[in-house]
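The values are calculated or read from the model by the stated rules, or taken from the named source; none is laboratory data. This structure is a prediction, so every number in the text was calculated from the model and none was measured. Neighbour counts are summed over all protein chains in view; Cβ atoms, including those assigned to glycine, are modelled from backbone coordinates with ideal geometry. All accessible areas refer to the heavy atoms of the entire protein, side chains included, with ligands and DNA or RNA removed. Shrake-Rupley method; radii C 1.70, N 1.55, O 1.52, S 1.80 Å.
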Amino acid sequence: MSRLQQTEGLTEEQTELLKLVREFVDEQILPVATELEHRDEYPQAIVDQMKEMGIFGLMIPEEYGGLGESLLTYALCVEEISRGWMSVSGIVNTHFIVAYMILQHGTEEQKRHYLPKMATGEIRGAFSMSEPGCGSDVSAIKTKAVRDGDDWVINGQKMWLTNGGTANLVAVLVKTDTGADSVYKNMTTFLIDKESGFGETAQGITVPGKIDKMGYKGVDTTELILDGHRTTSAQILGGEPGKGFYQMMDGVEVGRVNVAARGCGVARRAFELGVSYAQQREAFGKKIVEHQAVLFRLADMAVKVEAAHEMMVKAARKKDSGERNDLEAGMAKYLASENCAQVVEDSFRIHGGYGYSKEYEIERLYREAPMLLIGEGTADIQRMIIGRRLLEDYKLRS
């Protein structure tokens, strides 16, 4: 086993689970990932196997039919899965954000209804904040829910839903006029049931089709159009309007740890490909790994892989402890995504001209890594969060 990305203090159960996931990645994901990715094909066989393994119920408590594991265990599993193919980790990420939000903020009725079926993968989750006219500026969303008697009617257009087509449950952030003095307190999260697939998937709900992307293929990324969708207060997460923004931000902290874990996994795979190729390719009469420039590049890559992993583990453990972890999650996401992009490019450079060929796996990673710079908040958003949180601790007192 590699010396990189080793995690101290794991239980025997965690170690065995990670070994099982690692073997699954090596045997079932890596051999088919590049072929499926080039065809932009949904990895149904892989998903079915993850259902059997209980991956979709990893963080759902045992009382609701899940495995009851920690965020750390989940993040380490995501790291391994992303090493095989990042798109597969995306299939479980948004699912777990929704499950986490229901567990932390849902009514008991919502927990009993959704979580057992989410644990088996029968119900698959997606969540939606972004819209065509806004990304990082969540306060600018326009999708709105208006009371109509005992019901709510929702109209608007959402964007960038991972699993938007395959999911049959979507947590959607919308504006609601609750009379609060803050725009953030006038937002509500609704749980919307729909059918899997594209087109009209529920009353007033349309999923137009997959967005064609540069990378991160296989997993479906979609829009969501709400045109007079009628629902009830029972579908408000937690049952009370006006708390949606804060519920979503709690879920995004979990998502940022997940994105950091993805960056660690992709970077690890890029390092593996680079160090392997460098020991095979010859130039100027010797293996290129024997050239100091290549050896230094590999050393830099390994340091970045290890540093990102340690930061990710710290953020996950902080969240598991019940403490506020937006600073650590922001740092982990920022460091891991930036390091991943740099490690992938370094591996690409080691491959030389062959790295540009679709026959080599590094070509796929080169197109996947940029998504991590954007997902769950851009690098600049993370820096803003980090800076503001640091000022809370280091602000000068008069």
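Brief remarks follow.
- Ala307 vs. criteria assigned to a helix (DSSP H, G or I), open to solvent by less than 30 Å² (accessible area, probe 1.4 Å) and of a type in the set (A, V, I, L, M, F, W, C): no
- Considered as a group, the residues in the range 381-398 that are in contact (Cβ under 8 Å) with a residue 24 or more places away in the chain and out of contact with any Gly (no Cβ under 7 Å at 6 or more places or on another chain) include one that is surrounded by the fewest Cβ atoms within 10 Å (Cβ to Cβ), and that residue is Leu390.
- Qualifying position, being in contact (Cβ under 8 Å) with a residue 12 or more places away in the chain, open to solvent by 30 Å² or more (accessible area, probe 1.4 Å), among the hydroxyl-bearing types (Ser, Thr, Tyr) and closer than 15 Å to Ala171 by Cα, among Thr143, Thr94, Thr107: Thr107
- Candidates are the residues of the range 179-210 that are among the aliphatic types (A, V, I, L, M) and at pLDDT 95 or above; the one that is surrounded by the fewest Cβ atoms within 10 Å (Cβ to Cβ) is Ala202.
- With respect to being assigned to a helix (DSSP H, G or I), under 11 Å from Ile350 (Cβ atoms) and out of contact with any strand residue (DSSP E or B) (no Cβ under 6 Å at 6 or more places or on another chain), Val313 falls outside the description.
- Number of positions in the range 262-283 that are in contact with a Leu (Cβ under 7 Å, 6 or more places away or on another chain), within 12 Å of Gly352 (Cα to Cα) and of a type outside the set (A, V, I, L, M, F, W, C): 1
- Boolean, Thr15 is part of a helix (DSSP H, G or I) and loosely packed, with under 15 Cβ neighbours inside 10 Å: yes
- Lys185 in contact (Cβ under 8 Å) with a residue 12 or more places away in the chain, assigned to a loop (DSSP other than H, G, I, E, B) and among the basic types (Lys, Arg): no
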